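Enquirer: Quick one: the structure is below, and I'll ask about it shortly.
The values are calculated or read from the model by the stated rules, or taken from the named source; none is laboratory data. Model, not experiment: these values are computed from the prediction. Neighbour counts are summed over all protein chains in view; Cβ atoms, including those assigned to glycine, are modelled from backbone coordinates with ideal geometry. When the accessible area is computed, the model is the full protein with side chains, heavy atoms only, and any ligands, DNA or RNA have been set aside. Shrake-Rupley method; radii C 1.70, N 1.55, O 1.52, S 1.80 Å.
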Amino acid sequence: MKVCVLGAGPAGLYLSILLKRADPAHEIEIFERNAPGATFGWGVVFSEETLGELRDADYATFLRITDTFARWDAIDIRYRGEVLRSRGHGFSAIARKKLLAILQERCRELGVVLRFETSIEDPAELPEADLVVASDGVNSVLRRSRDFGTRSTPQGCKYIWYGTDLVLDAFRFSFAETEHGLIQTHSYPFDEHTSTVIVECPEPTWRAAGLDRMSDEESIAFCEDLFARDLEGHSLLSNKSAWLSFPRIRNRRWSDGNVVLLGDSAHTAHFSIGSGTKLAMEDAVSLANAFVRHGHHDRAAIRAALVHYELERRPMVDRFQQAAADSAGYFERVRHHTGLPPRQFAVNLLTRSGRISHANLALRDPEFVRRADLDFAGEPDRLFAPPPFLTPLQLGKALIPNRLVVTGDPRGAGLVRTAPIAVSEDGRITPETQVGVASYPVDAVHEAGALAMACLTHAGRRGATRPARFGVDVPLPPDEAWPLLSASAVSYGPLSQVPKAADEADLKRIRDHFASAAAEAATAGFDLLELDFAQGRLLASFLSPLTNPAEDRLRFPLEVLSACREAWPEERPLVVRLTVTDWAPRGATIEDGVAYARAFAEAGASMIHVEAGQTVAETRPVYRRGFLTALSDRIRAEAAVPTLVGGHLTSTDEVNTVLAAGRADLCLLDVEA
Amino acid sequence: MKVGIGLPNTTPDATGRLLAEWARRADDGPFSTVAVLDRLVYDSVEPFAALAAAAAVTERVRLATNIAIGPLRSAAMLAKQADSVARLSDGRFTLGLGVGARRDDYTAAEADHHTRGERLSAQLAHLRTENTDIELLVGGSSGAAFARMARYADGFAHGGGPPRAFASAATRARAAWHDLGRPGRPKLWGQGYFALGDPDRGSAYLRDYYAFTGPFAETIAAANLTSARAIKDFVRGYAAEGCDELILFPTVADLDEVDRLAEVLA
Ligand SMILES: Cc1cc2nc3c(=O)[nH]c(=O)nc-3n(C[C@H](O)[C@H](O)[C@H](O)COP(=O)(O)OP(=O)(O)OC[C@H]3O[C@@H](n4cnc5c(N)ncnc54)[C@H](O)[C@@H]3O)c2cc1C
C-alpha cells in the first residue's frame, strides 16, 4: 500500500519501520519540517515493560536503542533539604536526538523515503495515498484539517524543559521553597554527558515569582540559583526552551476515512509520568499489527485495521491519561503535602498516579518500604513494623488496634461502625432504622478485639423510605410514612415527600436529641462517636447551597457538634462524616469541604469521615476504585485533620497505599463476602 | 455466567413469524434469556410488543429489554407495558432501562431530551413504588447513570465493548452500589453483537443502525463477533470479569443464526 506519513517523530518513524518490515512492498514517504538533526527537548525515559514491547516489535531497533541507554534504578527525592532514595524502578533513557537518529537510519535501511525540511501547512499538499498517518505531534495540522472531535485542555503546572551537563545517577525530584510557593524539578540522565531538568510550578507561583516576565537568560539564572544544590555548580542549558502549559489532547475518533492519528496527535499524557514516547511507539506497534491481521488489499481492510488499532489502544491510553491527570494534579497541589514527614512525602509522591502501590514498592525496594512502615508505626528503631493497615492508631485517648473499619462483622477489623442510628423516630431512614443506641452489642465488638463507633444520624428529607434492599430513596406509602424535616422545603428525589423547613423550635429539639443520643452512646460503652453530616441527610442539608439558602450554613451543624462534644466524654474521639463536595453544579465544592472540615476540627471533631455527593438526587459522581481517596488526601492535607475514607477500596494493598502515603488514617474496606 | 440471545426486533424485515420462531428456538436452546433492543425511528418492532409475542411461544427463558429507552414513554405507560409483559410471561420478565443515545427518537416521541436523566429516575422511582416484583436493570456510562442504577435497580446493563471495557464499568457499578448503601452486589449484564452466517451483512447492518454516531459506527461494526472463536473468546472474557448474564444480539435476522450460536455455546 502507499503510505504518506506526516511528522518524523517517534510515532511516524517507528510505524514506518514496522510496516516496511512486515511488507517491503509498501511505499512509505515521511514528511518532516525539521532538518534530520534538529529537535526540541533532551532525553526521553522508557520503563522495562516498554522495552519488552520494543524488543518483540523490531529487534534491530531495540539493540541500537539499548546500546546507547543511560540506565538507573533509583528515584531521589529532595525535600526539606534531605535526599531520600527509592530503588528498583528500572528506568532507561535516551537522548531524543539519538533516538530519532536511530529510527531514521533504520527507516533508510528498510527503504522508507524521508523528506526533511518539508513543512506541510495544508494537507492538500500531501500526495495521494492509501493510508495517511497524522504523526505530526500535539499541534497536528492534519488533525485540525478534519473533525476528530478534538479537545485540548491545559493540565498541571507551568513548565520548562532544560538540559544540564551534570550527569545524575538517578531520577530526581527536587522541591524548593520560595516566598512565592513551591517550585520543583523532575530531572534524569540520558547519556554520558547530559541530563534533563524540567522545572515547574503552579501558574500563580510562576507569576508571583516574575517568571512570566523574565528573559530566557533571567529565567535560567533564577532556576540555576534556586536548584544550585542539585546542579552542583553545573549550569542549565536551553534548547529553544520556553515556559509552557501542557495540553491534554483527547479525540473522539482516532481515524477518519484513511487518515489516522498516531502518538501525540491522538493523545497526550502529562510528562510527569514520562510516557509520551512510549505511548507513541506502542501505537505504532498496534497499528502495524492491525494491518498484519486485517490486510491492506482494499479500503475496507484498511478501515478495519484502523478501527482495530483504536479499539485496542484506547483503553490503555485512557488508563495512562487518568494516571497522568492524577500525577499532574499532584504536582499542582504538592505544596499542601509539605506537612508530611519526609518518607511519607516520598511514598505519597511515588504512588501519586495510582500505578504503583505499597506492594509494588515493597517488591522494588524492600528496604525503603521497611523503613517507611517503621516510620509509619512511629517506631523507627525496631527491626520490623506491621504493614500500615495493621498499625494501631492513637486518636485522642482511644487506641484503635488497626486501620480497617467495617460496618457489620467485627472479625479482623480495628473499628466497627454501627448502621445509622436515628436520634429520634422522625429521623429514621426506613422503618427498620434503629432509634437510640440502647440495644447495640458493644461488648461483642470489644470481645472481637475492635473498638465500636456509634453513628448518629437524622435522615432529614431522605427519611421515610423503604429498606435499601428494595432500592434507595424509594418513599414509603403515605400511610406508613412520617413527616420529614430539612433545611428547606424541597423534596429529595422523584416522588419523595416535601419536607418541612426546620424552624427554631425544630432545631433546638434536634440538637437536644443528638446530645442525648451522644450521652447514651457514652453510657453504652461506645469508644467513638460519628455524627452524620453527609449525603443529603438533615445536617448535610444545612451545609449545601443547593438545599440551604441561608448565608451562615455552618451555624446549625456547629451547634449540634458542640452540643454532642459536651455530652460525649472529652477523651473519646468524635468523628464527623462529611460530604466534602456535592458533585453537582452550584453545589458545595471541595474548597467548601476543606473549609467545613477545618471548622469542625476547630470545634472539636477528631476526624473527618470523607464522603462526596448524594446531597441531591441528580449528581455527577465519578465512580472508580478508591474514588474518594484523592478527596481525603486534600482534606487531610489542606484542613490538617485526620481522615477516614472508603470509596470502594477492595484490597489491603489499596488500603496500605492510602495509609502509607498519608491520604487517610483509617479505611473502610468493601469486601464482597 | 448465563448467556442469552437477542431477538432481531431492530433488524429490518424481521417478520412476526420469524420473531416468534426465533424465540421458540431460543427456548429450546441453551439460552437463559431472550432480549430486545429499543429504537423508535428505525425499521423495527416495538420491544414490549416483541416480548409479548415471545411470551406466548416460550415457557422457560427470561424475557428482557436490554435496554428500553424509558423516557420515550410516560412513567405510567412504561409501568403498564412492563406489567403486561410480566403478566403475559408469568413473571419471567427483566426490565432494562436507559436514556438511549438518539435525539431523533426523542423528537419523534415528543419527549424532552434535555431532562431525560431526571425523567428516567422518576420512572424508576415510580416502578419501584408501584411494583416491587419486576427485576430492574439500568444502563449508561455516566456517573449519574451509575448512581441511578444503584439507587433504584437490581443491576447494571453494560452497553457493549471488549471484556476490559465491561470490567471497568463493572467496578464503577459496584462502587456506586456500595456508595448508595445497597446490600450485596449489583447483577451485571453484558452484551455483544454476532453474525455467524453472513458476517458482511451483519456488519453492514451495524453500520446502518449506528450511522447516527458518525464514524464510530465503523468501530461498532468492526467489533461484530463473526467467528466461533471470537464468540468463545468474548464469552470467556466476560465470564472472567464477573459478568452474570451476557446477551448476544444477532445482526442477521436468519433463523439459522440461533442454531449456529447454540452450537458454538454447546
Ligand atoms: C517536557 C516534556 C517532557 C517529556 N518527557 C518525556 C519522557 O520522559 N518520556 C517520554 O516517553 N515522553 C516524554 N515526553 C513526550 C514526548 O516528547 C512525546 O510524547 C513524543 O515525542 C510523541 O511522539 P510523536 O511522534 O507523536 O510526536 P513528536 O515527537 O512531537 O513528533 C512530531 C513531528 O512532526 C513534525 N511536524 C509537526 N508538524 C509538522 C508539519 N506541519 N509539517 C511537517 N512536519 C511537522 C515535528 O517537527 C515533529 O518532528 C515529554 C514531553 C514534554 C513536553
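Enquirer: Could you point to the residue in A:101, A:360, A:543 farthest towards the positive end of chain A's charge dipole, with +1 and -1 charges on the Cβ of Lys/Arg and Asp/Glu respectively?
Expert: Of the options given, the answer is A:101.
Enquirer: Can you tell me how segment B:183-262 classifies by the Cα gyration tensor, rounded, prolate or oblate, using a/c under 1.5 as the rounded cut?
Expert: Oblate is the answer for segment B:183-262, as a/c is 1.5 or above yet b/c matches or exceeds a/b.
Enquirer: Any chance you could list P(r) for segment A:102-255, counting all Cα-Cα pairs in 5 angstrom bins from zero, rounded to whole %?
Expert: 2, 7, 13, 15, 13, 13, 13, 11, 8, 4, 1, 0
Enquirer: Roughly speaking, what is the centre-to-centre gap between segment A:626-661 and segment A:457-492 when only Cα atoms are used, to the nearest Å?
Expert: 30 Å
Enquirer: Cα gyration tensor of chain B, axes a ≥ b ≥ c as square roots of the eigenvalues: rounded (a/c below 1.5), prolate (a/b > b/c) or oblate?
Expert: Since a/c stays below 1.5, the shape of chain B is classed as rounded.
Enquirer: Output the Cα-based Rg and Dmax of segment A:20-112 in Å, rounding Rg to one decimal and Dmax to a whole number.
Expert: Reported Rg and Dmax, both Å: 17.0, 59.
Enquirer: Compute the longest continuous run of chain B that contains no exposed GluC sites (Glu not before Pro); treat a site as exposed when its DSSP state is not H, G, I, E or B and it has at most 12 other Cβ atoms within 10 Å.
Expert: Formally, the longest exposed-site-free interval is B:111-266.
Enquirer: May I pose another question? Please give me the summed charge of the neighbours of residue A:119: other residues whose Cβ is under 9 Å from its Cβ, Lys and Arg +1, Asp and Glu -1.
Expert: Residues near residue A:119 contribute -2 overall.
Enquirer: Hey, got a sec? Which GluC sites (Glu not before Pro) in segment A:167-218 land in a DSSP loop and have at most 14 other Cβ atoms within 10 Å? Working shown, then result.
Expert: Values: sites: A:177, A:179, A:192, A:200, A:217, A:218; in loops: A:179, A:192.
In loop regions of segment A:167-218 (DSSP not H, G, I, E or B), the sparsely surrounded GluC sites (Glu not before Pro) are A:179, A:192.
Enquirer: While we're here: With a 1.4 Å probe and every protein chain kept in, tell me what percent of the accessible surface of segment A:170-301 is carbon plus sulfur.
Expert: Of the solvent-accessible surface of segment A:170-301, carbon and sulfur hold 48 percent.
Enquirer: Tell me, how many Å apart are the Cα centres for segment A:125-182 and for segment A:394-433?
Expert: A separation of 48 Å, based on Cα centres.
Enquirer: Here is a follow-up. I'd like the orientation of helix A:299-332 relative to chain A: the angle between its Cα long axis and the longest Cα principal axis, in ° from 0 to 90, rounded to 10.
Expert: Helix A:299-332 sits roughly 60 degrees off the main axis of chain A.
Enquirer: Which order do the peptides A:629-639, A:489-499, A:123-133 take when ranked by the mean count of other beta-carbon atoms within 10 Å per residue, highest first? Before the final figure, lay out each step's value.
Expert: Numbers: A:629-639: 23.6, A:489-499: 19.0, A:123-133: 16.1.
Averaged packing, sorted descending, gives the order A:629-639, A:489-499, A:123-133.
Enquirer: Okay, moving on. Antiparallel versus total DSSP beta bridges in the protein assembly as shown: what percent is that, nearest 5?
Expert: Values: 49 of 134 bridges.
Taking every DSSP beta bridge within the protein assembly as shown, about 35 percent pair in antiparallel fashion.
Enquirer: In whole Å, what three semi-axes, largest first, describe the equivalent ellipsoid of segment B:1-118 built from its Cα gyration tensor (square root of 5 times each eigenvalue)?
Expert: In descending order, the three semi-axes are 25, 15, 12 Å.
Enquirer: While we're on this one: For segment A:381-464, just the Cα set please: Rg and Dmax, both in angstrom.
Expert: My reading of the Cα-based Rg and Dmax gives 15.9, 55 Å.
Enquirer: Just counting partner chain Cβ atoms within 10 Å, what average do the residues of peptide B:169-175 show around their Cβ?
Expert: 5
Enquirer: Mind pulling the angle between the C-alpha long axis of helix A:96-110 and the longest principal axis of chain A? Nearest 10 degrees, somewhere in 0 to 90.
Expert: 50 degrees
Enquirer: To the nearest 10 Å², what's residue B:15's accessible area with a 1.4 Å probe?
Expert: Roughly 70 Å² of residue B:15 is accessible to a 1.4 Å probe.
Enquirer: Sorted by accessible area (1.4 Å probe), largest first, how do A:2, A:98 line up? Numbers along the way, then the final one.
Expert: Values: A:2 70, A:98 95 Å².
Sorted descending by solvent-accessible area, the residues read A:98, A:2.
Enquirer: With a 1.4 Å probe, what is the total accessible area buried between chains B and A, in Å² rounded to the nearest 100?
Expert: Numbers: alone 11630 and 27960 Å², together 36470 Å².
Buried surface at the B/A interface: approximately 3100 Å².
Enquirer: Kirkwood Rh over alpha-carbon pairs of segment A:327-416, then Stokes-Einstein at 4 °C and 1.567 mPa s: what D in µm² s⁻¹, rounded to an integer?
Expert: Translational D for this selection: 88 µm²/s.
Enquirer: Oh, and also: Just the number: Rg to Rh for segment B:164-227, Cα atoms, Kirkwood Rh, two decimals.
Expert: 1.17
Enquirer: If you don't mind, there's one more thing I want to ask. With a 1.4 Å probe and all protein chains left in place, how much accessible area per residue does the protein assembly as shown have, in Å²?
Expert: 39 Å²
Enquirer: Could you check how much of the accessible area of chain B is carbon and sulfur, as a whole percent, using a 1.4 Å probe? Kindly include the intermediate steps, with their values, before the conclusion.
Expert: Details: 5040 of 10100 Å².
Ligands and nucleic acids excluded, carbon and sulfur reach 50 percent.
Enquirer: Could you sort A:530-538, B:196-204 so that the peptide with the highest average Cβ count within 10 Å comes first and the rest follow in order?
Expert: A:530-538, B:196-204
Enquirer: Given 4 °C and 1.567 mPa s, how large is the Stokes-Einstein diffusion coefficient of segment A:173-215 in µm²/s, with Rh as the Kirkwood radius over Cα pairs? Let's see the in-between values first.
Expert: Details: Rh = 11.5 Å.
Once the numbers are plugged in, D ends up at 113 µm²/s.
Enquirer: Mind checking the angle between helix A:555-567 and chain A's longest principal axis? C-alpha axes, 0 to 90 degrees, to the nearest 10.
Expert: With both axes taken from Cα atoms, the answer is about 60 degrees.
Enquirer: Right, something else. When ranked by the protection proxy of mean other Cβ atoms within 10 Å per residue, highest first, what sequence do the peptides B:144-150, A:25-31, A:512-518 form?
Expert: Top of the packing list down: B:144-150, A:512-518, A:25-31.
Enquirer: Per residue of B:219-229, what is the mean number of Cβ atoms on other protein chains within 10 angstrom of that residue's Cβ? Present the calculation step by step, with values, prior to reporting the outcome.
Expert: Working: counts 9, 2, 3, 9, 3, 0, 0, 0, 0, 0, 0.
Mean shielding count: 2.
Enquirer: Now a separate question. In chain A, if the dipole is taken from +1 on Lys/Arg beta carbons and -1 on Asp/Glu beta carbons about the Cα centre, which of A:629, A:3, A:86 is farthest to the positive end?
Expert: Of A:629, A:3, A:86, it is A:3.
Enquirer: While we're on this one: At 1.4 Å probe size, with no ligands or nucleic acids counted, give the accessible surface of residue A:340 in Å², nearest ten.
Expert: Surface open to solvent at residue A:340 totals about 20 Å².
Enquirer: What do you reckon, how do A:583, A:254 stack up by accessible area (1.4 Å probe), largest on top?
Expert: Per-residue accessible area, sorted high to low, gives A:583, A:254.
Enquirer: Round to the nearest 10 and report in Å² the accessible area of residue A:316, as given by a 1.4 Å probe over the protein chains' heavy atoms.
Expert: Probe radius 1.4 Å; accessible area of residue A:316 about 40 Å².
Enquirer: Can you find, among B:93, A:652, A:246, the residue farthest towards the positive end of the dipole of the protein assembly as shown? Put +1 on the C-beta of Lys and Arg, -1 on that of Asp and Glu.
Expert: Of B:93, A:652, A:246, it is B:93.
Enquirer: Also: Taking 37 °C and 0.692 mPa s as the conditions, I'd like the Stokes-Einstein D for segment B:98-255 in µm²/s, using the Kirkwood hydrodynamic radius from alpha carbon pairs.
Expert: After rounding, the answer is 193 µm²/s.
Enquirer: Over all distinct alpha-carbon pairs, what is the Kirkwood Rh of segment A:459-525 in angstrom? The partial results should precede the final answer.
Expert: Details: mean 1/r = 0.0750 Å⁻¹.
After inverting the pairwise mean of 1/r, the radius is 13.3 Å.
Enquirer: Would you compute the Debye intensity of chain A from its alpha-carbon atoms alone, equal scatterers and no solvent, and pass along log10 I(q)/I(0) at q = 0.05, 0.08, 0.10 Å⁻¹ to two decimals?
Expert: -0.30, -0.72, -0.99
Enquirer: Expressed as a whole number of Å, what is the distance separating the alpha-carbon centroids of segment A:521-598 and segment A:278-319?
Expert: Going from one Cα centre to the other spans 51 Å.
Enquirer: Additional query: Which three semi-axes in whole Å describe the equivalent ellipsoid of segment A:480-635, each the square root of 5 times a Cα gyration tensor eigenvalue, listed largest first?
Expert: Equivalent-ellipsoid dimensions as semi-axes: 24, 21, 14 Å.
Enquirer: Shielding of B:178-191 by partners, i.e. mean partner chain Cβ atoms within 10 Å per residue?
Expert: Mean shielding by partner chains, rounded to a whole number: 4.
Enquirer: Just to make sure I understand: if all protein chains stay in place, what is the order of A:278, B:187 by accessible area at 1.4 Å, largest first? Provide the component values of the computation, followed by the final result.
Expert: Details: A:278 10, B:187 90 Å².
Result, largest first: B:187, A:278.
Enquirer: Further, regarding this structure: Within a Cβ distance under 13 Å of residue A:525, other residues only, what is the Lys/Arg minus Asp/Glu net charge? Spell out each step's value before the answer.
Expert: Values: positive: A:572; negative: A:443, A:447, A:520, A:527.
Around residue A:525, the surrounding residues sum to -3.
Enquirer: Principal axis lengths of segment A:609-673 from Cα atoms, whole Å, largest first?
Expert: Largest to smallest, the principal-axis extents are 35, 34, 14 Å.
Enquirer: How big is the Kirkwood radius of segment A:556-673, worked out from every pair of different alpha carbons and given in Å to one decimal?
Expert: The Cα-based Kirkwood calculation yields 14.7 Å.
Enquirer: Another question about this same structure. Using every alpha carbon pair in segment B:76-168, what percent of pairs falls into each 5 Å bin from 0 up to the bin containing the largest distance?
Expert: Going out from 0 Å in 5 Å bins, segment B:76-168 shows 3, 13, 22, 22, 20, 14, 7, 1 percent.
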